[in-house]
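Participant: Please read through the structure below; I'll follow up with questions.
The values are calculated or read from the model by the stated rules, or taken from the named source; none is laboratory data. All values derive from a computational prediction rather than experimental measurement. Cβ placement follows ideal geometry from the backbone for every residue including glycine, while neighbour counts extend to all protein chains displayed. For accessibility, only protein heavy atoms count, side chains too; no ligands or nucleic acids. Shrake-Rupley method; radii C 1.70, N 1.55, O 1.52, S 1.80 Å.
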Amino acid sequence: MNSANTAQAEGPNAYPSAAPLEFRNVSKRYPRSDRPAIADLSFSVPAGEICVLVGPSGCGKTTAMRLVNRMTDLTSGDILLDGESVTQRKPAELRREIGYVIQQIGLFPHQTIAQNIATVPKLLGWEKDRTQRRVTELLELVSLPSEMGDRYPAELSGGQRQRVGVARALAADPPLMLMDEPFGAIDPINRERLQNEFLRLQAEIRKTVVFVTHDIDEAIKMGDRIAILREGGVLAQYATPDELLARPADDFVARFVGADRGLKRLTLSQLHDIVLLDVPTAHVGDAASDARERAAQRDADELVVLDGGEQPIGRLPVARLNGQPVSADDADPLTSTASRETSLRDALSLVVADRNRPLVVLEADGRLAGLVSLELISAALRPADGAGSPEAARGAQR
Amino acid sequence: MSGVLLAPLAAAPVIPDFGRGSTCIRDNKLFCWDWVQSNWGGTLRPALIQHIELTLIAVVVGFAISFVLALAAYRWSRLEPPVGIVAGILYTIPSLALFQLLVPVTGLSRTSAEIALVSYTILILFSNILEGLRNVPADVRDAAEGMGLTRWQTLWRVELPMALPTIVAGLRIAVVTVVSLATVAVFIVNEGLGAPIYAGLQNAFKTELIAAGALTVALALFADGALVLLQRVLTPWARTARS
Amino acid sequence: MNDFVDGIKFIGDNSGLLWHLTIKHLELTGAAVGIALLIALPIGIWLGHLHRGSFVAISISNVGRALPTLALISFGVAILGIGFLNSMIALVILAVPPVLTNAYVAVEGVDRDAVEAAEGMGMTPLEVLLRVELPLALPLIFAGIRIAVVFVIATATIASVAGGTGLGDIIVDQATYRLPGVIGASICVAVLALLAQLLFALLQRAITPRGLRVQKVRPGRPESAAAVPVITN
Ligand SMILES: Nc1ncnc2c1ncn2[C@@H]1O[C@H](COP(=O)(O)OP(=O)(O)OP(=O)(O)O)[C@@H](O)[C@H]1O
Ligand SMILES: [Mg+2]
C-alpha cells in the first residue's frame, strides 16, 4: 500500500487513495473450536467500491473483517491490500492505514470529539496545524458543526456519535474502511439518514469500503457488491445487489434475501432507468376531433390534458370527448404523479393504488415525462444484462 | 522519648504540673486557645509537618507498588488472587499490632512506621487501579487497537486516563486511612500528630488532645478535598458524563 | 527473629491472661458492633427502601473514614475522661458508617424490576421489604457488618489507651510486659482479626442466595478484597 500517498492527502478534493482488497482462500479457525469461523473465503473488492458482508448472526462477518486489519490473525490463505499481503505488515502500522468503525463506535469518553478524531493523525506524528485543519474538515464532511469539536462524547446523541466514529476512521484518509454494523444501534429514521449521508460522502471520497450488516435491506442499499456468508464462514454468493436479487445462487441465498426479492429489486431502480410510455396529449381548447385522432394514432384510450404552460392538469378518457373543445372540467384531476427519481417500487405501489391505471410521470420542471404502467415495471424485473440494466444506470448516477 | 518507653496510663488522670500559664491551662479546661498559640511553633506545627511527611511517603510508595502490581495483574490475571490475599491479610492486621510486629525486624524507626502504613494502602490502591482498568469498556479498547495504538499506547492514552476516577477514589481512601493510622505510629516512633495526642493522653491534658485530634481530622478532610479537586481537574469528561 | 520466638513463648506461658483479654476484647467488640447495628441497620435499610437520603447515607462513610481513630479517642478522653464509656462511644461511632452505608446501598440497589414485580403482585411495602429487598440485599449488608467487625477489633486494641479492656492492654504497656509480651499480644490480635475476617467471609457466602452467587462473584477475585468496596465517588 502506498502509505506516503495516504499521509499526504489533505483538503476536500484530495482523496487520491483507494486500494483494492482481495481475500484469497482465507480460513480462520479459533483455538479450542472444532469448526472454522471462516472457510476458504475468496473474493475481491475493486478500489473505491463498497462491499457489504451480510449473513446470519455468527456466520463470521466480524471475523472476516478483523482478519483484514489483523485484529485477528488468519489461519491459512492470504489477504491482499493494494496487492500486498497484510500478513507481511506490522499490525499497528497496518491499522493506522485502515479506517475502522465498530458497532458500539468506541469513542474515547475521556477525550473531546476533536481529540478523538485526531487519534490516528497524532499516532502518525502529523503537525498540530495540519491535524487541526483535518479535524475541522472532517467535522464538516460528516455534517457536524465545528463547535462540537470541544464537546465530550457523552454530550452527543447516538447519531452524532456515529458520525464522529466515521470521521475518526477517515482521519488519516485511509485507502480502506472497515465498518462493522456501523448503524446497527440507531433508530430506523436516523439510520436511513446516516445511510444516505454515507452514500453521499462515499460518492465524494470514493474509498474502498467493507461494510458489515445482518440487514439485507441495508446491504442492498449500501453495497456495490454483496458477499452473503452462511454458517461456518462459507461464501454463498458474491454479486451485485441486482444480480443477487435476480438470480440467487441457491435456496439459502433466496431465503436470506427474502420472498419479496422482486420488490426489493424494484427499489434498486428509479423511473429514469426505464423507457416510459409515450402518451397522447391535448391542450385546453383543442378541437375534440383533433384530440380523438391523436389518441387513435397511438391506440390510446385516454389523453393527458396540458395547460398553456405545458403543465399536465388532468387525464381525459377518449370516450368523454363529445364534440366540445377539450376542457379542464371534463378531465379527471391528477391524483397521483411520480417523478424521475421515484423508485420502481414506489411507482408500482402508486399504480396498484390507482386500480392499475398507468401513472403520470413528471419532469423536474413539471412538464410531462410519460406514463409508467404495470407491464413496464414487471418488464424491468426480468433479469437484464449489459448496458441499460437498472444496475448499470445506478452505478453511473452515483 | 519513644512511645514504648512510656509509663502505663493510669485509669485515673494524674494531676499534672501544667507549669506556668493561664488559669484556663492550670484548670485543664476543655480548650485553651492560648496554649495552642504558645505551642504551635514548638509542638503542633512540627508534628503536623511530620504527619504530612509520614502520609506522603507512605502513599507515594504504596501507590508505586500497587501500580506495578495492578498492571501486572491486569496483564496476567492469574496474579490477582495471590496479591489480593496478601494485601487483604496485611489490611486486616490491626495497625497497633502490625507496628509492633515490625519492631523486631526494622526497629523503633520511621522505616517500621512507613512499612506498616504502606501495607495498608496496597489493598485499596491495588483493587481500585485494577478495577478501573478492567472497567474500560471493551468497545473502547477494541477501537483503540483497531486504530493502531500499541498495547502500551492503549494503556497510557486510553485505559489509564479512563481509570482515573476509580484510581483517585482509591487514593482518597488510602490517604485518609494513612492520615488516621499514622497517629498510631506514635507507639513505635514519636513522630506525627500521634505524639501530642499521646502526650495529652498521658497527663489527660484536654487542650492538647483536642488540638492535635482536630488537626488530624482537618488534615484528613483537607487531603480528601484536595484529591476531589484534583480529580475534577484531571477528569473533565467525567462531570459531563454524569450530568 | 528471637523476639518472635520469645513472643510465642509468652503466648504459651500466659495463655490464661491472653484468653481472658481475648474474651474482654470480643465482648467490647460485640457490644460496640451490636449497638452500631441497632442504630445503623434500621436507618440504612429504611432509607434504602425509600430511595431517599443517598447523600447522607453515602457521605457518612466518607466522613467516618476521615475520622482518625486516635483523634476520636482523644476527643472522648478530653470530654468524658478515661474509661469504658469513652472507648465504647468511639467504637460505636466508627462502626456505624460502614454498616449504614452498605445497608443503604444494598437495599437501594435491589433490582428495580424485582421490586416492581413484587408490587405488581400486590405485596405491601413491608412485604416487599421483607420478602424481596432484604433477601437480595443481605450479602451486601453482611459485608458492611464484616467491615465493621474487623475495624472494631483493630480499634479496640487502641482503645486500651483510653480505658477499654482487651489485648491492647498488653501492647500499650511495654513497661510491664516487655517486648515479648507486646509481640505475643500483637500476634494474638492479628490472628483474631484474620479469623474474624475469614469467619465472616464464610458466613457471608453461606447467606448469599444461590441465585445471586452465580452472577455476583467474579472468578479470581479474592474474598478479602471484597471487604473494601471499590468506591467511585
Ligand atoms: N475470539 C473468539 N474465540 C472463539 N470463537 C470466536 C471468537 N470470536 C468469534 N468466534 C466464533 O466465530 C464465529 C463467527 O463469529 P463472528 O463474530 O465473526 O460472527 P458475526 O457474523 O460477526 O456475528 P454477528 O452478526 O452476531 O455479529 C461464531 O461462531 C463465534 O462464536
Ligand atoms: Mg459481528
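Participant: Can you send over the carbon and sulfur percentage of the accessible area for the protein assembly as shown, probe radius 1.4 Å, protein chains only?
Facilitator: The nonpolar share, carbon plus sulfur, comes to 58 percent.
Participant: If the only charges are +1 at each Lys and Arg Cβ and -1 at each Asp and Glu Cβ, what is the size of the charge dipole of chain B around the Cα centre, to the nearest 20 debye? Show your work: numbers first, answer last.
Facilitator: Values: 16 positive and 14 negative charges, 59 e Å.
About 280 debye.
Participant: Which is the longest stretch in chain B that no exposed loop site breaks, taking sites as trypsin sites (Lys or Arg not before Pro) with a DSSP loop state and at most 15 other Cβ atoms within 10 Å? It would help to have the intermediate numbers written out before the result.
Facilitator: Values: sites that count: B:R20, B:K29.
So the longest stretch without any such site is B:30-243.
Participant: Kindly tabulate the residues in the range A:66-109 with an accessible-area decrease of at least 50 Å² between the chain alone and the assembly of all protein chains, using a probe of 1.4 Å.
Facilitator: The answer is A:M71, A:R95, A:F108, A:P109.
Participant: Rank A:N190, A:N322, A:N356 by mean-square fluctuation in a GNM of chain A with C-alpha springs under 10 angstrom and give only the top-ranked residue.
Facilitator: Of A:N190, A:N322, A:N356, the Gaussian network model singles out A:N322 as fluctuating most.
Participant: At most 13 other Cβ atoms within 10 Å plus a DSSP loop assignment makes a site exposed; report the longest stretch of chain A without any exposed GluC sites (Glu not before Pro).
Facilitator: Details: sites that count: A:E127, A:E310, A:E341, A:E363.
Between exposed loop sites, the widest span is A:128-309.
Participant: State the Cα centre-to-centre distance between the range A:246-307 and the range B:143-171 in whole Å.
Facilitator: One Cα centre to the other: 60 Å.
Participant: Check each of the trypsin sites (Lys or Arg not before Pro) in the range A:157-227 and keep only those in coil by DSSP with at most 11 other C-beta atoms within 10 angstrom; list them in order.
Facilitator: Numbers: sites: A:R161, A:R163, A:R168, A:R191, A:R193, A:R200, A:R206, A:K207, A:K221, A:R225; in loops: A:R206, A:K207.
Sites meeting the loop and neighbour criteria: none at all.
Participant: Once Lys and Arg get +1 and Asp and Glu get -1 on their Cβ, which of B:V184, A:I102, A:M65 lies farthest toward the positive end of the dipole of the protein assembly as shown?
Facilitator: Going by the Cα projections, it comes out as B:V184.
Participant: Right, something else. Say the dipole of the protein assembly as shown comes from +1 at the beta carbon of Lys and Arg and -1 at that of Asp and Glu; which of B:P137, A:A364, B:L164 then lies farthest toward its positive end?
Facilitator: Checking the options against the dipole of the protein assembly as shown, the answer is B:L164.
Participant: In deg cm²/dmol and to the nearest 500, what is the mean residue ellipticity at 222 nm of chain A if only DSSP H runs of at least 4 residues count, each as -39500 (n - 2.57), divided by the residue total?
Facilitator: Working: 16 runs with 139 residues, N = 398.
Helix-only estimate at 222 nm: -9500 deg cm²/dmol.
Participant: Something else now. Give me log10 I(q)/I(0) at q = 0.09, 0.14, 0.17 Å⁻¹ for chain C, Debye formula, one equal scatterer per alpha-carbon, no solvent.
Facilitator: Debye intensities relative to I(0), on a log10 scale: -0.45, -0.93, -1.20.
Participant: Rounded, prolate or oblate: which fits the range A:3-239, taking a ≥ b ≥ c as square roots of the Cα gyration tensor eigenvalues, rounded meaning a/c under 1.5, else prolate when a/b beats b/c? The partial results should precede the final answer.
Facilitator: Values: a/c = 1.75, a/b = 1.43, b/c = 1.23.
Taking the square roots of the gyration eigenvalues as a ≥ b ≥ c, the range A:3-239 is prolate.
Participant: Further question on the same structure: Among A:P248, A:P188, A:A118, which residue has its Cα positioned farthest towards the positive end of the charge dipole of chain A, with +1 placed on the Cβ of Lys and Arg, -1 on the Cβ of Asp and Glu, and the dipole taken about the Cα centre?
Facilitator: So the residue furthest toward the plus end is A:A118.
Participant: Could I ask something else about it? Please give the charge dipole size of chain A, origin at the Cα centre, charges +1 on K and R Cβ atoms and -1 on D and E Cβ atoms. Round to the nearest 20 debye.
Facilitator: Dipole size: approximately 1740 debye.
Participant: Separate question: Could you state how much accessible area C:V5 has, in square angstrom rounded to the nearest 10, with a 1.4 Å probe and all protein chains kept in place?
Facilitator: 80
Participant: Taking the Cβ of A:L21 as the center, what net charge do the other residues with Cβ under 13 Å away carry, scoring Lys and Arg +1 and Asp and Glu -1?
Facilitator: Working: positive: A:R24, A:K207, A:R225; negative: A:E22, A:E49, A:D78, A:D82, A:E84, A:E97, A:D224.
That works out to -4.
Participant: How large is the translational diffusion coefficient of the protein assembly as shown in µm² per second when you combine the Kirkwood radius over alpha carbon pairs with Stokes-Einstein at 37 °C and 0.692 mPa s? It would help to have the intermediate numbers written out before the result.
Facilitator: Details: Rh = 33.5 Å.
The Stokes-Einstein estimate is 98 µm²/s.
Participant: Among the DSSP beta bridges whose two residues both lie in chain A, what percent are antiparallel, rounded to the nearest 5? Walk me through the intermediate numbers first.
Facilitator: Values: 30 of 54 bridges.
Percent antiparallel among DSSP bridges in chain A is about 55.
Participant: Find the sum over both chains of the accessible area lost when B and A are paired, probe 1.4 Å, and report it in Å² to the nearest 100.
Facilitator: Details: alone 13200 and 18370 Å², together 29700 Å².
Its buried surface, counting both partners, is about 1900 Å².
Participant: Residues with beta-carbon under 14 Å from that of C:I183, excluding C:I183: net charge, scoring Lys, Arg +1 and Asp, Glu -1? The partial results should precede the final answer.
Facilitator: Details: positive: C:K9, C:R178; negative: C:D3, C:D6, C:D13, C:D173.
Neighbour charge sum, excluding C:I183 itself: -2.
Participant: Give the shape of chain A as rounded, prolate or oblate, defined through the alpha-carbon gyration tensor: a ≥ b ≥ c are the square roots of its eigenvalues, a/c under 1.5 means rounded, and otherwise the shape is prolate if a/b is larger than b/c and oblate if not. All intermediate terms of the calculation are to be shown ahead of the outcome.
Facilitator: On the way: a/c = 2.96, a/b = 1.92, b/c = 1.54.
Judged from the Cα gyration tensor, chain A comes out prolate (a/c at least 1.5, a/b above b/c).
Participant: Give the angle, between 0 and 90 degrees and rounded to the nearest 10, that separates the Cα long axis of helix C:174-207 from the longest principal axis of the Cα atoms of chain C.
Facilitator: Computed tilt is about 20 degrees.
Participant: Find the relative contact order for chain A and round it to a whole percent, using C-alpha pairs within less than 8 Å whose residues are 6+ positions apart. Don't skip to the answer; put the middle values down first.
Facilitator: Details: 754 pairs, mean separation 62.4, N = 398.
Relative contact order for chain A comes out at 16 percent.
Participant: Against the longest alpha carbon principal axis of chain B, how many degrees, from 0 to 90 and to the nearest 10, is the axis of helix B:206-234 turned?
Facilitator: 20
Participant: Output ³J(HN,Hα) for the range C:83-91: one whole-Hz value per residue in order, computed from phi by the Karplus curve 6.51 cos²θ - 1.76 cosθ + 1.60 with θ = phi - 60°, and x for Gly and Pro.
Facilitator: x, 5, 4, 4, 4, 4, 4, 4, 5
Participant: So what J values fall out for the range A:104-110 if you push phi through Karplus, 6.51 cos²θ - 1.76 cosθ + 1.60 with θ = phi - 60°, rounded to Hz, Gly and Pro as x?
Facilitator: Running phi through 6.51 cos²θ - 1.76 cosθ + 1.60 with θ = phi - 60° gives 7, 6, x, 5, 7, x, 8 Hz.
Participant: Roughly what angle does helix A:288-297 make with the longest principal axis of chain A, taking Cα atoms, 0 to 90 degrees, to the nearest 10?
Facilitator: 50
Participant: Find the cysteines in the protein assembly as shown that fail to meet the 4.7 Å Cβ criterion with every other cysteine, and list them.
Facilitator: If one checks each Cβ against the other cysteines of the protein assembly as shown, A:C51, A:C59, C:C188 turn up with nothing under 4.7 Å.
Participant: Which of rounded, prolate or oblate describes the range C:7-68 when judged by the alpha-carbon gyration tensor and an a/c cut-off of 1.5? Provide the component values of the computation, followed by the final result.
Facilitator: Details: a/c = 5.42, a/b = 2.73, b/c = 1.98.
The shape class here is prolate.
Participant: Report which residues of the range B:186-211 become buried by 20 Å² or more of accessible surface when going from the isolated chain to the complete set of protein chains (1.4 Å probe; DNA, RNA and ligands ignored).
Facilitator: The answer is B:F187, B:I197, B:L201, B:K206, B:L209, B:I210 - residues whose exposure falls by at least 20 Å² when every protein chain is included.
Participant: Quick one: among A:S76, A:S33, A:S44, which has the greatest mean-square fluctuation in a GNM of chain A with alpha-carbon springs under 10 angstrom?
Facilitator: Of the options given, A:S33 has the highest mean-square fluctuation.
Participant: Hey, what D do you get for chain B in µm²/s if you plug the Kirkwood alpha-carbon radius into Stokes-Einstein at 25 °C and 0.890 mPa s?
Facilitator: Working: Rh = 20.2 Å.
D, rounded to a whole number, is 121 µm²/s.
Participant: Suppose a student asked you for the relative contact order of chain C, using Cα pairs under 8 Å spaced at least 6 residues apart; what percent would you report?
Facilitator: Values: 285 pairs, mean separation 65.1, N = 233.
It rounds to 28 percent for chain C.
Participant: With a 1.4 Å probe, how much accessible area is buried between chains C and B, both sides summed, in Å² to the nearest hundred?
Facilitator: When C and B are taken together, about 4400 Å² of accessible area is lost.
Participant: Roughly how far apart, in whole Å, are the Cα centres of the range C:12-27 and the range B:207-233?
Facilitator: The two parts, judged by their Cα centres, are 37 Å apart.
Participant: Sorted by accessible area with a 1.4 angstrom probe, largest first, how do C:L70, B:L79 fall?
Facilitator: Values: C:L70 0, B:L79 70 Å².
I get B:L79, C:L70, largest accessible area first.
Participant: May I pose another question? Heavy atoms only, probe 1.4 angstrom, no DNA, RNA or ligands counted: give me C:M121, A:M71 ranked by accessible area, highest first.
Facilitator: Values: C:M121 145, A:M71 25 Å².
Greatest to least solvent exposure: C:M121, A:M71.
Participant: How compact is the range A:234-355 by the rule of thumb for globular proteins, expressed as Cα Rg over 2.2 N^0.38 Å?
Facilitator: Compactness ratio reported: 1.51.
Participant: Moving on. At each listed q (0.11, 0.12, 0.20 Å⁻¹), what is the log10 of I(q)/I(0) that the Debye formula gives for the range C:67-202 modelled as equal alpha-carbon point scatterers?
Facilitator: -0.55, -0.62, -1.09
Participant: Treat every Asp and Glu Cβ in the protein assembly as shown as -1 and every Lys and Arg Cβ as +1, leave all other atoms uncharged, and give the resulting dipole magnitude about the Cα centre to the nearest 20 debye.
Facilitator: Working: 77 positive and 84 negative charges, 585 e Å.
With Lys and Arg at +1 and Asp and Glu at -1, about 2800 debye.
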